[in-house]
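Read the structure below first, then the notes.
The values are calculated or read from the model by the stated rules, or taken from the named source; none is laboratory data. As the structure is a prediction and not an experimental result, all values here were calculated from the model. Here the Cβ positions follow ideal geometry from the backbone for every residue, glycine too, while neighbour counts run over all protein chains shown. We work out accessible area using only protein heavy atoms, side chains counted, and drop any ligands, DNA or RNA first. Shrake-Rupley method; radii C 1.70, N 1.55, O 1.52, S 1.80 Å.
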Amino acid sequence: MCHYCGCREIPLIKDFIREHEAATDLTGEVARLLEAGDLAAAGALLPPLAAELASHWRGEEQGLFRVMRGDPEFAAYVDALEAEHRGLAELLAGTDLASPTDRAALLTAFAELHEHIAKEEDGLFPASLIALTAADWDASMAAWQEAHPGRRPSGPG
């Protein structure tokens, strides 16, 4: 993970990273439970995982991604990230943990989620520092707040 550009000190980026960590903690727990053969406990964690990702994605896509897509240099990159969001959402919605094939697909998707997060944290987030205007940051934060009713965003520092 990049720690050089300073983007991790931006309150909105802190919130996205916190959400990445929450999602990967859940995927790790689901994977451990699957490996232990506890399909019921693993299945009980899929709805909270899907909910965490849905609000996270909504905040990203309606805010930071939307304003970054306005720059042709980032449009295809953002489109690919959103396609990855849709793919994981569909997999989570349709996974049957009784199926060994679905369990394997889910574990593969969890590994791919780590790669996806790296594309955001090491690629898009640092680029946002130079690409976004103050109005873009305001719009991005407003979208995050709309996607997370009742939650307070991270403060500065």
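Here the gap between A98 and D25, fully extended at 0.36 nm per residue and compared with their Cα-Cα distance, gives a gain of 24.0 nm. Excluding E35 itself, what net charge comes from residues whose Cβ is under 13 Å from its Cβ, given Lys and Arg +1 and Asp and Glu -1? Net charge around E35: 0. For the set I10, I17, I130, solvent exposure ranked by accessible area (probe 1.4 Å, protein chains only) runs largest to smallest as I130, I10, I17.
Only Lys, Arg, Asp and Glu carry charge here, each on its Cβ (+1 for the first two, -1 for the last two); on that basis the chain has a dipole of about 320 debye about its Cα centre.
Once the chain from A54 to A142 is taken as fully extended at 0.36 nm per residue, the excess over their C-alpha distance is 30.0 nm.
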